[in-house]
Amino acid sequence: MEASKKKSPSPIAWVLGQAGSHGEQFALSVILAVLGVAFSVAPYFAVVGIVKGLMAGERNLSYYLIQAGLIALMWLGRVLCHAFSTAASHRATFAVLGEIRKRCTEKLTRMPLGAVLAQSSGALKNTLIERIDSIETTLAHIVPEFTANLLIPVIITVYIFTIDWRMGLASLATVPLGMFFYIWMMATSAGFYQATIDNTKALNNTAVEYINGIQVIKVFGKTKSSYERFVKDAHAAAGAFIGWMRASIIPFTFAMVVMPATMVSVLPIGGLLVKGGTLSGQDFITVIILSVGLITPLITLMSYSDDIRTMGTIFGEVQAILDAPEQERPATGDAPKGNDLKLEDVHFSYAEVVAKAATSGEDSAKGDPAAVKPLTVEDREGPRDMEILHGVSMEVPEGSFVALVGPSGSGKSTIARLIAALWDVNGGSISLGGKDIRDISQEAYADRVAFVSQDNYLFNMTVRENIRLGRPGATDAEVEAAARNSGCHEFILGLEHGYDTLVGSSGGHLSGGERQRISIARAMLKAAPIVILDEATAYTDPENEAVIQRSVSKLTAGKTLIVIAHRLSTVTDADRIYVVNDGAIEDSGTHEELLSHHGLYEKMWKAHMEVKDNG
Ligand code: ADP
């Protein structure tokens with residue numbers, strides 16, 4: 001990708017690059033911060049004025065009162081500027097981070113599903129929610145405070161130099177030594193810092209997996225070993241953090257003690273100069289007052305370095321998401337003519353998609369290897385380079401009923417997912433109405449295909465909204481009509497708040513059969529001309545079977561239907577049955593034709609009838 005080749009910019013520059021229309025708010029924040037700086041520096045000069053008055057023997061009280069009044073006003077101005085500057089910055093920061101989150105989530109919908117799944121869901125959620133959240137405060141404060149803390153010492157130093165350049169040098173004498181310690185700290189802690197980030201991330205993922213998998217862990221009695229992994233990761237994270245602190249503490253302490261000790265050089269050097277008669281007593285006192293406040297802002301500035309480093313890491317992760325390869329689809333374009341589907345010599349490997357996602361992640365997260373850690377296929381399934389489909393060709397004419405049958409693991413679901421465009425083929429092509437589906441816009445294609453899959457995901461919102469996802473503009477009456485047709489209406493009315501009942505996340509509060517029916521209602525509302533049905537779980541629930549079978553036939557009446565069949569008896573009247581074996585089409589034809597071939601289909605059919613008879 002173009003963007004991933006670019007050198008990564010500094011975190012602040014990165015945010016400003018994303019700021020867009022909110023840039024003005026940041027600019028306002030900086031202008032107010034600079035005004036605040038003026039109000040912060042001015043009191044020093046008022047104090048100098050007071051000292052000068054005292055030394056000149058000024059006895060008029062009003063002179064001092066005016067100076068004191070000015071100081072109070074300046075202070076008020078500073079507080080107001082700071083408050084407004086920070087408010088503007090917070091507003092801009094929230095808006096920008098919101099924008100960044102939105103772009104990331106939109107991006108996920110354009111990535112091939114494989115690339116999204118290649119990243120652990122814990123890591124993805126962590127980046128989008130917690131990690132982006134964690135930088136809000138820093139980012140909002142950094143803009144105004146960085147400006148203030150940088151400008152104040154610069155202005156004061158320049159002023160001291162105008163009084164006497166030798167005193168200027170004296171007031172900065174501790175800076176090089178302090179910087180030496182500071183750089184030492186940064187250099188030694190860099191590796192530890194990275195280790196801390198990596199280990200914390202690993203801990204986070206383990207925690208998410210541990211909680212997600214708690215049911216399996218309990219059922220299979222893996223409590224001890226899973227918990228041990230969690231404890232091991234927690235220790236590793238703690239160890240890395242302690243190592244980081246240990247490596248930093250000595251140089252950090254020296255830097256913090258040495259740097260602000262300006263008096264160590266200002267007092268003796270100034271004293272000598274006054275004694276030598278080349279510096280007036282008045283100027284000496286002025287320099288003492290000014291140099292007291294010189295270093296503190298610099299130290300505050302340095303304390304941001306860790307925060308900036310953390311922000312850099314987080315923005316690296318965000319950038320890696322934004323730079324990930326997308327399914328290449330035109331934004332608009334002519335709709336395909338007709339709905340004939342055709343697969344020609346399709347080759348596909350999950351490994352290739354995942355490998356692509358992995359390289360792009362590494363690319364864009366340069367200098368931050370921890371940014372994206374995709375699970376490799378080895379982590380999931382076994383060896384890499386496993387081609388799952390080896391040249392699959394199929395024809396699904398508009399309005400026909402096509403079934404995919406074959407042993408488990410032969411590639412049926414994979415074919416269905418490719419047709420649903422959840423992944424893209426690695427070789428060959430899939431076309432709709434004579435047009436390669438990669439040349440059809442995502443929206444246009446999604447309008448034509450409904451996928452009722454094994455993962456009938458329901459969101460944590462009302463039943464009504466869950467169904468309406470099928471067609472966002474649908475009226476309540478249309479939603480209810482779809483619910484009636486899919487046999488949902490009765491049980492929905494029986495729920496506590498009817499259609500307005502919130503279903504738990506992943507549909508946790510509904511039974512499996514009810515969830516399936518709702519996802520069928522959703523597909524009905526969508527009214528897509530092509531329906532892909534994964535039968536795997538559709539009939540597992542005996543009491544639902546009749547209802548679901550009826551609603552499926554309503555859903556698919558007059559449409560193209562592609563069924564991944566697990567029970568051959570449900571597809572005997574298919575127009576064409578494709579027998580998938582080991583990632584290739586072994587045979588195809590109608591039920592009768594296939595039986596007459598005396599091949600795999602006949603064997604499967606016999607096995608199916610036996611099970612049926614015995615059951
Ligand atoms: P079927 O639907 O015929 O049971 P699938 O299409 O689900 O078969 O699986 C075909 C092969 O692809 C299997 O070897 C399976 O392990 C592999 N596979 C399925 N899903 C994934 C995935 N998300 N990542 C990697 N490999 C997968």
Within the range 425-451, of all residues that are among the aliphatic types (A, V, I, L, M) and within 16 Å of the ligand (Cβ to nearest atom), the one farthest from K559 (Cα to Cα) is V425
Among (1) modelled with pLDDT of 90 or more; (2) small (G, A, S); (3) within 30 Å of A173 (Cα to Cα); (4) surrounded by fewer than 18 Cβ atoms within 10 Å (Cβ to Cβ), A261 falls short only on (1)
Taking the range 315-332 and keeping only residues that are surrounded by fewer than 21 Cβ atoms within 10 Å (Cβ to Cβ) and of a type in the set (A, V, I, L, M, F, W, C), one is left with L322, A331
Going through (1) within 16 Å of the ligand (Cβ to nearest atom); (2) crowded, with 17+ Cβ neighbours inside 10 Å one by one, S408 fails only at (2)
For the range 406-418, pairs from a residue that is closer than 14 Å to H390 by Cβ and touching a residue at least 60 places away in the same chain (Cβ under 8 Å) to a residue that is part of a helix (DSSP H, G or I) and within 7 Å of the ligand (Cβ to nearest atom), with Cβ under 7 Å and 6 or more apart or across chains, are G406/K412
For L422, the lone unmet condition from (1) buried (at least 17 other Cβ atoms within 10 Å of the Cβ); (2) more than 29 Å from the chain's Cα centre (by Cα); (3) within 15 Å of the ligand (Cβ to nearest atom) is (2)
Of the listed residues (N204, N212), the one being modelled with pLDDT under 85 and buried (at least 19 other Cβ atoms within 10 Å of the Cβ) is N204
Heads up, the helices (runs of 4 or more DSSP H) in the range 23-128 (entirely inside) with at least 1 residues that are touching a Gly at 6+ places or on another chain (Cβ under 6 Å) and either surrounded by 15 or more Cβ atoms within 10 Å (Cβ to Cβ) or among the aromatic types (F, W, Y) (or both) are 23-55, 61-110
Screening L117, L128 for residues that are more than 16 Å from the ligand (Cβ to nearest atom) and either of a type outside the set (F, W, Y) or without any contact (Cβ under 8 Å) to a residue 12 or more places away in the chain (or both) leaves only L128
Only one of (1) crowded, with 21+ Cβ neighbours inside 10 Å; (2) within 11 Å of the ligand (Cβ to nearest atom); (3) at pLDDT below 90 does not apply to L375, and that is (1)
When T188 is run through (1) more than 27 Å from the chain's Cα centre (by Cα); (2) surrounded by fewer than 15 Cβ atoms within 10 Å (Cβ to Cβ), the failure sits at (2)
Taking the range 382-404 and keeping only residues that are over 28 Å from the mean Cα position of the chain (by Cα) and near the ligand (Cβ under 9 Å from one of its atoms), one is left with M386, I388, L389, L404
Residues in the range 215-226 that are closer than 22 Å to K125 by Cβ and surrounded by fewer than 18 Cβ atoms within 10 Å (Cβ to Cβ) total 2
Here the qualifying pairs (Cβ atoms under 7 Å; residues six or more apart or on different chains; first in the range 427-451 and surrounded by fewer than 16 Cβ atoms within 10 Å (Cβ to Cβ); second part of a strand (DSSP E or B) and among the small types (G, A, S)) come out as D436/S429
If you go through T157, T188, the only one that is at pLDDT 90 or above and either of a type in the set (S, T, N, Q) or part of a loop (DSSP other than H, G, I, E, B) (or both) is T157
Scanning the range 554-596 for residues that are under 26 Å from R448 (Cα atoms), over 40 Å from the mean Cα position of the chain (by Cα) and part of a helix (DSSP H, G or I) gives T570, V571
Given the conditions (1) more than 32 Å from the chain's Cα centre (by Cα); (2) modelled with pLDDT under 90, every one holds for P251 apart from (2)
Sole miss for S511 among (1) hydroxyl-bearing (S, T, Y); (2) surrounded by fewer than 16 Cβ atoms within 10 Å (Cβ to Cβ); (3) modelled with pLDDT of 85 or more is condition (3)
In the range 537-588, anything modelled with pLDDT of 85 or more and away from the ligand (no atom under 16 Å from the Cβ) is listed as K559, T560, L561, T572, D573, A574, D575, R576
T560 fails exactly one of (1) farther than 20 Å from L418 by Cβ; (2) surrounded by 19 or more Cβ atoms within 10 Å (Cβ to Cβ); (3) polar (S, T, N, Q), namely (1)
Screening S280, S291 for residues that are under 30 Å from L150 (Cβ atoms), among the hydroxyl-bearing types (S, T, Y) and either away from the ligand (no atom under 16 Å from the Cβ) or surrounded by fewer than 20 Cβ atoms within 10 Å (Cβ to Cβ) (or both) leaves only S291
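The values are calculated or read from the model by the stated rules, or taken from the named source; none is laboratory data. Here the structure is a predicted model, which is why all the values come from computation and not from measurement. All Cβ positions, even for glycine, are placed from backbone atoms using ideal geometry, and neighbour counts span all protein chains on display.
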